[in-house]
Each structure stands twice: as structure tokens, then as C-alpha cells.
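Heads up: the structure comes next, in C-alpha cells.
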Amino acid sequence: MHELLEEQGELHPGVEAPAESRSAVESLRPIFTGTGAEYFRIWLVNLTLTVATLGIYSAWAKVRRLQYFDRNTHLAGAVLDFRGNPLAILRGRLLAIVMLAMYQYAFGFSPQMAIAIVTALGLALPFLMRGALRFRLQNTQYRGLRFDFNGGAGGAYLTFLPVLLVFVLPGLLVTLFPGEPFVFWSFLLYLLWPAFHARLKSYQHRHVQFGAARSQYAGSVWAFYRFYLTAFGLILAVGVACTLIGAVGAIVFKVAGGANPLFGAIGIAALVALSYLAMLMTFPYMAARVHNWVWSRTSFPGVTFHSDMSARAFARLQLVNVLLTLVTIGLYRPFAAVRIHRFKLAALTVVADTGFEQVIAAAAAGAPSAAGDGAAGDGAADFFGFDLSW
Amino acid sequence: MNNAAYFDGHSAALHPVQLEVRDGALRIAGAAIALVYELGKLKLAEPFLHAPAVLYLPDGGRCEVSDPQARADLAAALDYKPSLVMRWQRHWYAALAALVVLLGVGAFVWFYAIPRAAEEIAARIPPSLDAQIGASALRGLEKKAFEPSRLSTQRIAQLEAVLAEVSPAAPRHPLRLLVRNAPALGPNALALPDGTIVITDQMVRGIYEGNEFTAEQMHAALAGVLAHEVGHVQRRHSVRVLARSSLTAAASATLFGDFSAVAAGLPAVLANLHYSRAMETEADTYAIDTLRSKGWSTAPLAELFVWLDSVNDASPQKNMPKWMRQSLPYASSHPASAERIARLQAAASNK
């Protein structure tokens, strides 16, 4: 694919780019121009209308939110854009609520009902998740061209079914065979979680298309085990530290003669808060490392990405965001969203082998055929197109 | 002077162009580009402060205008009218007024619309479902909390007779009494939606041995406890809780779902605790009405609650500082016992 596009680019040079930028490697950084103050007002009005319409407006709110973030994301003189149909999102949300309700009551009535509902969800969910990925990307544009998602249905089942199994299999087995000891072995499925996470990222990043250019992704499963083990180690270390402090505190307490039980309660509360803070920092720490790793191994023909977020700085940012959001009873949330988006974009570098304009013109050279496919795809997107993600 | 970037929709190439609005038409001019569009067929995207203005062309092409002055000129030339929502969020005072509206609408939905909708839904749930829910709840309890009763068969027959006395002429479901030993639950009584009423050995012993009641008072206290549970069945509290908790869960997931699972789950739990308290009060009212219609006093039931309180006070909670203990009833699923006791005593005194 890579060679083919380069050949095409040389046969039909796109725009008249200066000679030096045609051959030189060019590094670009995306810029985000959105501000918390501006987004706060959009968010607040969105939220008010969503509540006032019992959630129906949330579909329109989502389109406006994505448009705000996309159109404020600049790369090489142009911005991203989102053109999704809110009705498709509304349809997806209604479906999601129905499925959520089914899942809520799946284990309440009878084993037959539980099997039927889990089977139905298992058959439908991967297909729907793939539909959601397609919807999001097909409605995202850059420089007048649409993105697309070309992951197949088979890949979707291989990717999402294991994830679904981790969530529902233990519950299903407990319902079907209550009290059987072998049921608890099904919880070992969680050990495979990093592999499933790796598989999910691979499915997402391997099948993106921009115009005719298809993404490539060079991931491995073991890196994800490394990230999860590090996170697990961090949490374990904090847990051990808190237990030790608690034990020492209890001894001191006993020696002091058990003054007021209130002190004990405060001490325990402080330790619980401390370990919760550690968790709050660990998840973004891991998320940042996964983000860097995945993006730095994603490429398009002639274009590579590099993400170098500082995992520690990201964890600190998330911690401050959570604390300020709590203190302001949620009003800080839009500011937090803008800061996170800006932080992630600032860490991303887009590297074009032979000058960005040159490469992107080559990528678009196959666009007419993609537009032809897209017309048929559009109909399918209208029929199956909806968005499950919030 | 080039003031816009033009994209033709077929290639990703950026064409620097100049836009000009003249004679009811937009002219796009650049290197090898000369396009004319009717103004009526153009669509300008919602403007943002620092984002370029985006102009959608009818043939799938687009223009992006970054220069603030050019953006303003374009909007004026196209006679762009921002929607009501955009004008609303443009001003700080209007956006902040949304906060007030939000709180008002939120309160209306939370305190009026959702309970109202839940009642409507509960009224449409078929009674056959009550039996299913009741049976599955009982299976769980039998497995986890219940042991066979250690009371004599005469005592159990006595209890069944009292239930028959307080039963309404036309119960919603046929009522039946189960007596169970439940060390984990302690003195307690519960009503399942299918009309099953469970009373624990511990509660029965509390009535007959724990208090210094006369035979008449024992009878009135027992009748009060059972009438309270009959009230839960008659008012169909379980199905109403189910309908309401499902609705609140769906609503909070829609609103806060993108924040965190904890935030999404919490409001639903808090609301249901409150709902339970309202229901307990409703069941108390039912018990008071039943006792009064038979001409029995509500005072023994009040005394029984005092005793239940003292049993609960023996729990570790008692060591907590006073302010903490007092704030707990607000987070509990039962109304503060003091309130309930006062109500029963008042009912006893103004016969």
C-alpha cells in the first residue's frame, strides 16, 4: 500500500509544493484553540436542554460537543470537523438503554432467560460496536475528506466477544450453577484482560481510513501486560504502605490507652482516602502510557505519529481535575475536558516523510474510488448507523 | 489577498483562495479555481471564538476562514442568523441563568416527573410479576438468612390468627405468614410483593418476652407489626421501588454517564433511600388506621419501636460521637425511629 501510494504521488504530483519540502521530513504538531470558558457555556446550555427534554437533547448536545472539539483542532492549516446526524445518535442511545435494562434484569428471572439475553447481547454487541466506530469516523472530516473505519465483522466478534465474556460469564455461571466451586475459576478470565485490551486497540487503530489511505498498526500484547503489571504493582505498593501505617497507628493508639474511638475512625478514613487517591493517579498513569504506545505505533502511508505524554504529568492533571470537579459539584467538568484534550494533542507529533502537503495529496489520489464506496456505505450508515458511545 | 482555504471534497489538497460575495452569489477565486455559488445554497457552521468559520458548499466542498475580520464579513454577507441555543450560550449572564433553569428543571424532573412516571409504569406492570419477584426474593433469603423457626406450633398458629384479623377484606394478593429464625437479621419483619409476610423468631420473642406487655398489649403490638407489613403489600411498594429505581438509574446514566460509574450510581441510591422512607411512613399510616378501626391502641407498637431502638443501640454504632449518630437516620432506609414513635404515640393519645 505504502509503495503504491508513493508511486501514484510521483506520477501525479498533487499541489505545487516547494522543492525542499517535497523531500524533507516534516514534523507537525496539532494545536487546540478551544478554551474552558467558552466550552463551559456550551456545556451548561447542553446540560440544561438535556435535562429539560428528559435526555432527548443529549444526542444534539453530543454533536455540538464533538464539533467544538474537532473544529478547534488545527493541523497544517486546516481543522477537523464532525458532521454526524443527531437522530442516529438518539437511536443508538435508545437501543443502549434497552440493552442496559435487559442486562440489569438478565439474571433476575430464570436461567433460560439469562442464557437467552446473554446470547442476544453477544450476537448484537460486537456488530453494534463496529457500527459505532464506523459512525464516528465516517462523520469525521479533515480537509474535505471523510475518515472511515474498515474493520470487518469477524474482527469485531473476535475483539468484543472476549470482553463481553469477561463481564458476563462469571455472572452467568453463578446463575446457572450456584454454589459450584468450578464457577470461581471463570474469574481467571480477568488475567486475559490486558490481551483483550491490546486486541481492542489493535482493532481500532489498524482499520482507520483517510480518503484512500489505510492506517497501519504495529502493536504487541506483551506491552499491555507490562503496563497492567506496573499499575498493579503501584496499587499494591500503596496498599502495603497504607496497611503498615495503619498497623503502626493501631499500636500507638493501643499504647496511648484507646482515648477516643473518633481518632481511630478518622485515621481509617484518612488511609482509605489515601489509597483511593493512589488509584486515581494509577489509572491515568497507565492510560497515558497506553496512549503513547498505541499512537506511536500507528501510521498511514508516509505519515507516522508520535505521542510523548508525560504519564506523571497526566496523572497529576487528572487528579487535579477530579478534585476540582468534586469541589465545584461538577461545574469544573468542561474545563477539565478542555485541559485533557489540549494535553493529549500537545504531546502528539505528526511526521510526514516527504512534506505534509505532498503526502496528503498522495493519500487523496485514490479518493474518487473511496467516495464511490462511500455512497453505498452511506446508505448502510443511515440504516445501521448509530452511535453507542456516550 | 487570499483569505480562505478551499477544499474540493475529492482531494485533501489545501487551495488558498479569495472569497467574495457579490450580486447574491459567492465567488471563490484561486490558482486554477473560479467557482460561483448561490448564497441560498451555502451553509455556515456554528461559529466558535477561536475556530475558523466553516462554509459548506452544495457540491461537498468546503471553505475554512481563519481571519477574524474575514469571518465577521462572511457572516454579515451571508446574513447569518445564530440559532436560539447559540445566542443563549453567547452571553455569560444568559449561560449562568441556565444554571438556575437547570436546577429548577432538575428538581421538577427528580421530585415530580420521575416519581409520577414510575407510578404510571408500576400501575401497568402485571400482578403476575409480583409473584415472580416475591418467589425469587424468598429463595434468596431462605438460602442466606433464614433458618427454620424454633417457636412452638401453637405460637405460630396464634400469629396466623392475628394476621387473619388485620387482613383486609380483599387483599391484593392472598396473604400468608412465614415464621423464621434469622440471627443475622435480628428482630425484624418483612413483606414480599407476592403477599408473603415474614416475621423473625427474634421479633416474636421481643413482643412476648422482651417487653413487659399485658396479653392485650402483646396482641396490639403484634397486630401493628403485621398490619405495617400488610400495608407494604397493599400499596405495592416493591414494584414501585423497582420502577422508580430503574428510571432514576437510566436518568442519571444519561446525565452523568460520561463522568464516572460512581457518580452515575449514587444519585439513584440516594433517591431510593428517600423513597423507602416515604413508603415506611405510608405503611405506618396503614397500620395506625387498621389498629384504630379495630379499636386497639397504637401505644404498644410505639413501645415496641422504643425497644427495637434499644436493641439497635447495642450495636457498635453506639460508640460513635453523638453528631454522627444523629446524621445516620437520614442515610438509612427507615425513618428516624424517634419520628415514628412520636407519631404512634400521638395516634394513641387522640383517639
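The values are calculated or read from the model by the stated rules, or taken from the named source; none is laboratory data. Remember, predicted model here, so these are calculated numbers, not experimental data. Neighbour counts run over all protein chains shown; Cβ positions are idealised from the backbone, glycine included.
Might you let me know whether region A:214-226 holds any residue that is over 32 Å from the mean Cα position of the chain (by Cα), among the aromatic types (F, W, Y) and assigned to a helix (DSSP H, G or I)? Within region A:214-226, none of the residues are over 32 Å from the mean Cα position of the chain (by Cα), among the aromatic types (F, W, Y) and assigned to a helix (DSSP H, G or I). Which is under 29 Å from A:R65 (Cβ atoms), in contact (Cβ under 8 Å) with a residue 12 or more places away in the chain and not hydroxyl-bearing (S, T, Y), of B:A45, B:A5? Exactly one of B:A45, B:A5 is under 29 Å from A:R65 (Cβ atoms), in contact (Cβ under 8 Å) with a residue 12 or more places away in the chain and not hydroxyl-bearing (S, T, Y), namely B:A5.
For region A:146-163, state whether one or more residues are under 19 Å from the mean Cα position of the chain (by Cα), in a loop (DSSP other than H, G, I, E, B) and in contact (Cβ under 8 Å) with a residue 24 or more places away in the chain. Yes - at least one qualifying residue is present in region A:146-163.
Consider region A:75-91 and keep the residues that are assigned to a loop (DSSP other than H, G, I, E, B) and closer than 30 Å to A:G355 by Cα. The one that is nearest to the other protein chains (Cβ to nearest Cβ) is A:G77. Please determine whether any residue of region B:15-33 is within 25 Å of A:L75 (Cα to Cα), buried (at least 18 other Cβ atoms within 10 Å of the Cβ) and either within 9 Å of another protein chain (Cβ to nearest Cβ) or in contact with a Lys or Arg (Cβ under 6 Å, 6 or more places away or on another chain) (or both). There is at least one residue in region B:15-33 that is within 25 Å of A:L75 (Cα to Cα), buried (at least 18 other Cβ atoms within 10 Å of the Cβ) and either within 9 Å of another protein chain (Cβ to nearest Cβ) or in contact with a Lys or Arg (Cβ under 6 Å, 6 or more places away or on another chain) (or both). When region A:121-145 is filtered for residues that are free of Cβ contacts under 8 Å to residues at least 12 places away in the same chain and in contact with a Phe, Trp or Tyr (Cβ under 8 Å, 6 or more places away or on another chain), only A:G144 remains.
Out of A:L326, A:L331, one residue alone is within 14 Å of chain B (Cβ to nearest Cβ) and not in a helix (DSSP H, G or I). It is A:L331. For region A:164-202, the tally of residues that are modelled with pLDDT of 85 or more and within 21 Å of A:L128 (Cβ to Cβ) stands at 6. Taking region A:53-62 as the range and being within 16 Å of B:S83 (Cβ to Cβ) and surrounded by fewer than 20 Cβ atoms within 10 Å (Cβ to Cβ) as the test, the residues that pass are A:T53, A:W60.
If I go through region B:239-251 residue by residue, how many of them are among the polar types (S, T, N, Q) and surrounded by 21 or more Cβ atoms within 10 Å (Cβ to Cβ)? Of the residues in region B:239-251, 1 are among the polar types (S, T, N, Q) and surrounded by 21 or more Cβ atoms within 10 Å (Cβ to Cβ). Against the definition (at pLDDT below 90 and part of a helix (DSSP H, G or I)), how does A:V294 come out, yes or no? Criteria not met by A:V294. Meeting the requirement of 3 or more residues that are closer than 24 Å to B:L14 by Cα and either at pLDDT below 90 or at the interface with chain B (Cβ under 8 Å from one of its Cβ atoms) (or both), the helices (runs of 4 or more DSSP H) wholly within region A:1-74 are A:2-11, A:19-23, A:58-71. Are any of the residues in region B:52-62 surrounded by 13 or more Cβ atoms within 10 Å (Cβ to Cβ) and either of a type in the set (D, E) or more than 11 Å from every other protein chain (Cβ to nearest Cβ) (or both)? Yes, region B:52-62 has at least one match.
You will find that of B:Q158, B:Q217, the residue that is away from chain A (no Cβ under 14 Å), among the polar types (S, T, N, Q) and free of Cβ contacts under 8 Å to residues at least 12 places away in the same chain is B:Q158 and no other. Against the numbered list (1) part of a loop (DSSP other than H, G, I, E, B); (2) modelled with pLDDT of 85 or more, B:A184 comes up short only at (2).
Going by the structure shown, is B:D8 charged (D, E, K, R), more than 47 Å from the chain's Cα centre (by Cα) and facing another protein chain (nearest Cβ under 10 Å)? So B:D8 passes the test.
Taken together, B:A51, B:A107, B:A117 contain a single residue that is more than 30 Å from B:I197 (Cβ to Cβ), among the small types (G, A, S), part of a helix (DSSP H, G or I) and not assigned by TED's automatic domain parsing to the domain that holds B:H173, which is B:A107. Annotation note: of B:L151, B:L163, B:L159, B:L178, the sole residue that is surrounded by 13 or more Cβ atoms within 10 Å (Cβ to Cβ), over 26 Å from the mean Cα position of the chain (by Cα), in a loop (DSSP other than H, G, I, E, B) and not β-branched (V, I, T) is B:L151. From the list A:L326, A:L319, the lone residue that is surrounded by fewer than 18 Cβ atoms within 10 Å (Cβ to Cβ) and touching a residue at least 40 places away in the same chain (Cβ under 8 Å) is A:L319. Of all the residues in region A:356-390, those that are part of a loop (DSSP other than H, G, I, E, B) and at pLDDT 85 or above number 0. Checked against (1) buried (at least 16 other Cβ atoms within 10 Å of the Cβ); (2) assigned to a helix (DSSP H, G or I); (3) in the same structural domain as B:M203 (by TED's automatic domain parsing), B:K143 meets all criteria but (1).
Of the residues in region A:133-143, at least one is within 14 Å of chain B (Cβ to nearest Cβ), aromatic (F, W, Y) and closer than 30 Å to A:A361 by Cα.
For (1) farther than 24 Å from A:P178 by Cβ; (2) among the aliphatic types (A, V, I, L, M), each residue gets a yes or a no:
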| residue | (1), (2) |
| --- | --- |
| B:I125 | yes, yes |
| B:E165 | yes, no |
| B:A170 | yes, yes |
| B:L177 | yes, yes |
| B:L185 | no, yes |
| B:L190 | no, yes |
| B:Q217 | yes, no |
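Determine if region B:90-105 includes at least one residue that is closer than 30 Å to B:E20 by Cβ and among the small types (G, A, S). Checked against the condition, which is being closer than 30 Å to B:E20 by Cβ and among the small types (G, A, S), region B:90-105 yields no hits at all. Tell me, which residue of region B:68-104 that is assigned to a helix (DSSP H, G or I) and more than 14 Å from chain A (Cβ to nearest Cβ) is surrounded by the most Cβ atoms within 10 Å (Cβ to Cβ)? Within region B:68-104, the match that is surrounded by the most Cβ atoms within 10 Å (Cβ to Cβ) is B:L74.
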